[in-house]
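Novice: Got a structure for you, questions after.
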Amino acid sequence: MSSTPGGYAGKILRVDLTRGEMTGEPIEEATLRKHIGGVGLGAKYLYEEVPPNVKWSDPENRLIFATGPLTGTQARGSSNITAMGKGPLTDGAASSQGNGFFAAYLKLAGYDAIIVQGASRKPVYLYIHDGVTELRDASHLVDKDTVEIDETIRQELGAKGRQVSVLCTGPAAEKLVKFAGLVTDGAHSCSHNGLGAVMGSKKLKAIAVARGKGPVAVNDREKLSSLAEEIFEAALKERMLFREKLNIPPLSEDKKTYWATTDNLRNYAAHGVLPVKNCSTNIFPEHATLCAPELQTHYEIIERNPCWRCRMIHSNKIRVTKGHYAGFEGKEPEYSHMGVLGSNLGITDPGAIVMLTDVVERLGFEVNEAAFTISWIMECFEKGLLGAKETGGLQMTWGNAEAAKAMLYRIVKREGFGDVLAEGLKRAAESVGGKAAECANYTRRGTTPGAHDERPDLMASMDIVFSNTGWREHRFHSRFADFDLPPVKDPNNPEEASTGLASIKGAQQFYNSVGVCIFCTKPYPKLLAQMVAAATGWDFTLAEAFEAGRRTVNLLRAFNIRHGLTPDQEVPSTRYGSAPVDGPAKGKAMMPHWEFMQRNYYEKMGWDSKTGKPLPETLEKFGLEYAISDIWK
Ligand code: SF4
């Protein structure tokens, strides 16, 4: 076996829940260099170990947790974990990233990844500590919410402060709600495409990892530290300039605190990409209440809670200071919460959004799917397309946060119409049918959009609809030059948007492979590639990084094709594909261009223009020859 490069542990932990067995397996350096880590490494194992006849809920499905070469190092926010598996919403690849401490502790415990297979007969949790791995009974955790589970496990392990990190599922996963997610450290969600339901189907309630002894060995510690500082300061400066431009004051004297991601909200409102009332309108005059600095007058920070090695002072615990929910304590909402649980539900009280964010996280839902499901019911209720029979008497009117909360509890209990909704918005809308179905925002693949009304943004809409994993895979609208790519001058020109998306696809997969939080490092891919070189000792360049990202895209595409993906699924629903009826993007319609954009995107990706299958020469180019016979037989 080759030696382990810096930044890696060189080992995965395989957990077979059916047999109750756990084994450490070495990883070759060549594998690490080819797939890097995170989503790249996860894609390799997912493709190799989950054949097309395996359903998402079968014990043979895999649940993979993967770190990257920067995880657990001195890089800021270097505790990004990637969870992967075959997801229930799309019946295809699922991948989701979360932060906190879990990934760093896993690396310090001596593992680059965990692969969970099989299913336990009774609820269990996995405990990794001091070179020991053990499965413990988790019967007492059933019916508890994610915060209670986190606290209970820490308590029974006698953990003080940050000695143990817990990743867990909540009640939604127990009921196999198809948009159940995972929560790390009681505060960070990792939830797309129903990975919590996969964990629930295996009766694995949680994974707890005790903080091991560090540091993670890297090739050039000094160089990595200096690059880590450079990238963090650059990211922070960019953030501060952005806030200054919007006239938003810093929250602390050292300017290291920012108000989550809510400062973007006014920008989104100005461009018509803020989701408002289930995307039935783009006008929301009250939007200023939901973003900094006005927002700051509604809350106070009661506990600062940044992730591993992060100085952003983000992810705080807060107390509501005004309105009906004054005194309520919960997690600081992000932009996504303000958007999908706020304007999207017609809610103008920030305190109500803190309350709903808390409910979503405690029950263990993916927030976008949960919110677009509730907003769909509200619009249908307003239009008389769903009535008291479906809502069980709940007055699902715009802005009614308590009714939204009650409906979320019905979903988690699969009670009445909640049982239909627990299958995800696409399936629920299709089962109701008619005019009601036409109001639902989803992709024909099976997931809802992100936290935006993406219709005015062609690249963003295509990104969601063509996503391999059911979630956004491109966040680099303004970063083409960083990858030496020609810029997209007009993102609303169908040809430029589809060509541009194809040309930059893979950039985010590189980010999602290295194991750091995207908020700390997002704008600087060249520096990030240099950090990987410093950690590993490889002559690693941005070109190699980008190639690895595109390899991941093609491998996951081949996985999805093998598992039944067809081009007719890569289309938005009626509402998601409709033109906004008012606001700044009024009348911008994507569907007249969809066929062209789909074909152009496929061609520019090196995929067959009709079937969307990666061409044999494309797979060869990325060293994926083994997939050719799987999808072209
Ligand atoms: S920026 Fe926020 S989410 Fe990212 S590592 Fe720091 S505290 Fe965690």
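Novice: I'd like the residue in the stretch 167-196 that is part of a strand (DSSP E or B) and away from the ligand (no atom under 16 Å from the Cβ) and, out of all such residues, is farthest from T447 (Cα to Cα).
Specialist: Checking each candidate, the answer is C168.
Novice: Something else now. Within the stretch 501-522, restricting attention to residues that are of a type in the set (G, A, S) and in contact with a Leu (Cβ under 8 Å, 6 or more places away or on another chain), which residue is nearest to the ligand (Cβ to nearest atom)? Walk me through it before giving the result.
Specialist: Taking the stretch 501-522 and keeping what is of a type in the set (G, A, S), we get 502-503, 506-507, 513, 515.
In the following step, the residues that additionally are in contact with a Leu (Cβ under 8 Å, 6 or more places away or on another chain) were identified as 503, 513, 515.
Numbers: S503: 27, S513: 17, G515: 11 Å.
Restricting to residues being of a type in the set (G, A, S) and in contact with a Leu (Cβ under 8 Å, 6 or more places away or on another chain), the top hit is G515.
Novice: For A30, are the conditions met, namely being under 25 Å from I631 (Cβ atoms), assigned to a helix (DSSP H, G or I) and out of contact with any helix residue (DSSP H, G or I) (no Cβ under 7 Å at 6 or more places or on another chain)?
Specialist: Details: under 25 Å from I631 (Cβ atoms): yes; assigned to a helix (DSSP H, G or I): yes; out of contact with any helix residue (DSSP H, G or I) (no Cβ under 7 Å at 6 or more places or on another chain): yes.
Yes: the conditions hold for A30.
Novice: State which residue is nearest to the ligand (Cβ to nearest atom) when the search covers only the stretch 301-341 and only residues that are aliphatic (A, V, I, L, M) and closer than 15 Å to F519 by Cα.
Specialist: The qualifying residue nearest to the ligand (Cβ to nearest atom) is M312.
Novice: How do the pairs read when you match residues in the stretch 312-327 that are touching a residue at least 40 places away in the same chain (Cβ under 8 Å) and part of a loop (DSSP other than H, G, I, E, B) with residues anywhere that are of a type in the set (F, W, Y) and within 16 Å of the ligand (Cβ to nearest atom), using Cβ under 9 Å and keeping only pairs 6 or more apart or on different chains?
Specialist: If the second residue must be of a type in the set (F, W, Y) and within 16 Å of the ligand (Cβ to nearest atom), the pairs left are M312/F232; M312/Y258; M312/F519; I313/Y258; H314/Y258; H314/W259; H314/F519.
Novice: Mind counting the residues in the stretch 33-54 that are hydrophobic (A, V, I, L, M, F, W, C) and not in a loop (DSSP other than H, G, I, E, B)?
Specialist: Looking only at that region, the number is 4.
Novice: For the stretch 390-446, enumerate the residues that are in a helix (DSSP H, G or I), free of Cβ contacts under 8 Å to residues at least 40 places away in the same chain and closer than 29 Å to E286 by Cα.
Specialist: T391, E402, A403, A406, M407
Novice: Take N264 and decide whether it is within 16 Å of the ligand (Cβ to nearest atom), polar (S, T, N, Q) and over 23 Å from V359 (Cα atoms).
Specialist: yes
Novice: So, one more: For the stretch 103-147, list the strands (runs of 3 or more DSSP E) that sit wholly inside it and hold at least 2 residues that are over 22 Å from the mean Cα position of the chain (by Cα) and surrounded by 22 or more Cβ atoms within 10 Å (Cβ to Cβ); which are they?
Specialist: Working: elements: 113-117, 124-129, 132-137.
Qualifying strands (runs of 3 or more DSSP E): 124-129.
Novice: Can we say I248 is surrounded by fewer than 21 Cβ atoms within 10 Å (Cβ to Cβ) and either away from the ligand (no atom under 13 Å from the Cβ) or modelled with pLDDT under 85 (or both)? Before you say what the answer is, go through the steps one by one.
Specialist: Working: surrounded by fewer than 21 Cβ atoms within 10 Å (Cβ to Cβ): no; either away from the ligand (no atom under 13 Å from the Cβ) or modelled with pLDDT under 85 (or both): yes.
Here the answer is no, as I248 does not meet what is asked.
Novice: Could you go through the stretch 83-99 and let me know if any residue there is part of a loop (DSSP other than H, G, I, E, B), under 18 Å from N305 (Cα atoms) and either modelled with pLDDT under 95 or within 16 Å of the ligand (Cβ to nearest atom) (or both).
Specialist: yes
Novice: Can we say E25 is loosely packed, with under 14 Cβ neighbours inside 10 Å, assigned to a strand (DSSP E or B), of a type outside the set (A, V, I, L, M) and in the same structural domain as L108 (by TED's automatic domain parsing)?
Specialist: In short, yes.
Novice: Further, regarding this structure: Starting from the stretch 84-112, keep only residues that are at positive phi and not assigned by TED's automatic domain parsing to the domain that holds I464, then list their pairs with residues that are within 16 Å of the ligand (Cβ to nearest atom) and assigned to a strand (DSSP E or B) whose Cβ atoms are within a distance under 7 Å, requiring at least 6 positions of separation or different chains.
Specialist: Every condition considered, the pairs that remain are G100/S165; G100/T184; G100/H188.
Novice: Looking at the stretch 457-477, is at least one residue more than 16 Å from the ligand (Cβ to nearest atom), within 27 Å of L227 (Cα to Cα) and surrounded by fewer than 21 Cβ atoms within 10 Å (Cβ to Cβ)?
Specialist: Looking for residues that are more than 16 Å from the ligand (Cβ to nearest atom), within 27 Å of L227 (Cα to Cα) and surrounded by fewer than 21 Cβ atoms within 10 Å (Cβ to Cβ), one finds at least one in the stretch 457-477, hence yes.
Novice: What pairs come out if I take residues in the stretch 116-142 that are basic (K, R) and pair them with residues that are surrounded by 19 or more Cβ atoms within 10 Å (Cβ to Cβ) and assigned to a strand (DSSP E or B) whose C-beta lies under 7 Å away, six or more apart or interchain?
Specialist: What qualifies is R136/V124; R136/Y125; R136/Y127.
Novice: A further question follows. Do any residues in the stretch 495-521 that are under 29 Å from I64 (Cβ atoms) and part of a helix (DSSP H, G or I) have Cβ atoms under 8 Å from those of residues that are among the basic types (K, R) and within 13 Å of the ligand (Cβ to nearest atom), where the two are at least six apart or on different chains, and which pairs are they?
Specialist: The qualifying pairs are Y511/K522; C520/R76; T521/R76.
The values are calculated or read from the model by the stated rules, or taken from the named source; none is laboratory data. Fair warning: this is a prediction, and the values are worked out from it, not measured in the lab. Note: ideal-geometry Cβ built from the backbone for every residue, glycine included; neighbour counts use all protein chains shown.
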